[in-house]
Structures are given as C-alpha cells and as structure tokens.
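The block underneath contains the structure these notes are about, expressed in structure tokens.
Taken together, the values in this text are just the output of simple stated rules run on the coordinates, not laboratory data. Just so it is clear, the model here is predicted, and its values are computed rather than measured. Neighbour counts run over all protein chains shown; Cβ positions are idealised from the backbone, glycine included.
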Amino acid sequence: MIATAQQKKAFALPVLQSSVARKLAVSVTGLFLILFLAVHLAVNLTMLAGAETYNAAAHWMGTTPAILALRPVLALGLLLHVVISLLLALDNSRARPTGYEKVDPAGGSTWAARHPAVLGVLILLFLGLHLSSFSLRMTFGSPPMVEVAGVMMKDAYQLVTARFGLWWYVALYAAAMLFLGLHLAHGFRSAFQTLGLSDRRWRRRWTVLGYLYSVAVAVGFAALPLYFFVTSQAMGAP
C-alpha cells in the first residue's frame, strides 16, 4: 500500500520538515564539533611532549566516565550534522534559492561556500579511515600495552606514530586537513550568522576568527603526522 503524503509527514522528524530548523540544527551541531576539534587537537599536541605524556592523556580520555558518556553524544551530533547538511544540499539543488549561506555577504562566493556538502563527504570518507586506524583499534582491537607511572595502559603513542610513518597516510591526512580547514572557514561564520549572532560588524569579526581558527586547526593537525614522518625518515636514514 502506498503511503499518503500525510502519513509520510507523520513519520518524519520535525527537524527534517523545516529549512530554518535544519539550518539551526546544522549550526548548533557544527559549533559542538568545532569545540570538540579544539579539545582533540589539544590532546594530540601532547604527542610532542613524549610517549608517556600522550599515553597518559589518551588513557585518561579512554577511562574517564564523563568523557566516555560524551562519546555517544559526539557520535549523534556528527550524524545529525552530516545527515541534515546533506538534506539541505539536496533541497538547495532542487529549489535553487539562496542555499545555506552559499553567497558571501560581501558579494563574492568561495568554492567552500558553494560546495559544503562536497567538502563534508571528503572529510567523512577520511574520518572512516581515521577511526578504523586508531579509535576502533584502541577500543575493540589488541593494541600494544605499556606501563606509565605504574599503570598498564594501551600504547596509543606507538600505534599513532607507526601510522604516521606511512607516506600515503600522511598525504591523505594532510589533504583531509586542508578540506577540514576550508569547511571550517565557511562553517564557523555561517553558524553564528544562522543563529542570529552576526550583524554587519560582527560578521567581519566572525569571518576573521573563523579563518584564524580554521588555519590553527588544519595546520595543527597536519603538522603532527608531517613531523613524525620526517622524524622517522631521518632516524631511519643511514
């Protein structure tokens, strides 16, 4: 039996029925993910302090109940951000009105602003590789163990640095961070504007802050695999 339009609407989530609600959901989940990226980068940078520091930080992240409780929230936020963003992109391609912050207020339009879904899909593909290489192996696999300050824990440092010794992974990682930076530069300002927190004066400020944040995140994440790859090559040189 073919469902009527009323039946389909009854089973649809309210957030998926309104373009305004979708944009708000994308903005809120986007800001949540932006905050997560800052925390994730801070933890990653502890690798520069050595294996013990990074392993201790990774162990704390993987055993603290409050952090563990946030994992499903993070997964749900990411899922909503991706699904609703794709729905908005599909709506825009069908209707062809001014899409989700596609046009730059100054009158121009960047490639990232016109193709947020493309960048999102590229980042999502890399995220799948990234999770299978680290998070899933740390959680469900059998990573090497190490003792730090009398506590046995998973040797996340060895797992990560081993992957960073592969040139193809480092190249994919650096490319993904470029895509992430472009996505953040557009999404940072757009999120605040959609939430109504951007007048003419603040629009410029959010734009500048968005560029600074996106560059810091992209460069910060990309610098780590590049550093460890170069270091591993130098150590392996005769």
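Here are the numbers for this structure:
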quantity: Distance between the stretch 208-227 and the stretch 149-180 - C-alpha centres, whole angstrom; calculated: 16
quantity: Most to least packed among 25-33, 169-177, 59-67 [average Cβ atoms within 10 Å]; calculated: 25-33, 169-177, 59-67
